[in-house]
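*Asks:* The structure under discussion is supplied below as structure tokens; questions concerning it will follow.
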Amino acid sequence: MSPTQSDAYIIEIHDRAAGIVTRDTRGFRFFSSERLFDSLEGRQFRSAREAERAARAVFSERSRRAN
């Protein structure tokens, strides 16, 4: 692991804090900070970017349902 890599990242979707991901031995684990993203709570991702994509998909699906 590079010393410049972080062990935790905030995932923001359209200025909303979706949650944080923290690095562990198998990748990154998601912790929801807003009810909308609770379906991702505890899920394991290979990268922080993958977790962000999943949060964007949840947000997009919710937006489609609202319209």
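*Asks:* How do the pairs read when you match residues in the range 5-22 that are free of Cβ contacts under 8 Å to residues at least 24 places away in the same chain with residues anywhere that are surrounded by fewer than 18 Cβ atoms within 10 Å (Cβ to Cβ) and small (Gly, Ala, Ser), using Cβ under 8 Å and keeping only pairs 6 or more apart or on different chains?
*Replies:* As it stands, the answer is Ile10/Ala17; Ala17/Ser33; Ile20/Ala8; Ile20/Ser33; Thr22/Ala8, since those pairs meet every condition given.
Listed here are the residues, each with its yes/no results for (1) touching a strand residue (DSSP E or B) at 6+ places or on another chain (Cβ under 6 Å); (2) of a type in the set (Gly, Ala, Ser).
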| residue | (1), (2) |
| --- | --- |
| Ser6 | no, yes |
| His14 | no, no |
| Asp24 | no, no |
| Asp38 | yes, no |
| Glu41 | yes, no |
| Arg49 | no, no |
| Arg53 | no, no |
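FYI, it's all coordinate maths here, none of it is from the lab. The structure presented is a predicted model; accordingly, all values stated were derived computationally and were not measured. FYI the Cβ positions are ideal-geometry reconstructions off the backbone, even for glycines, and counts take in every protein chain you see.
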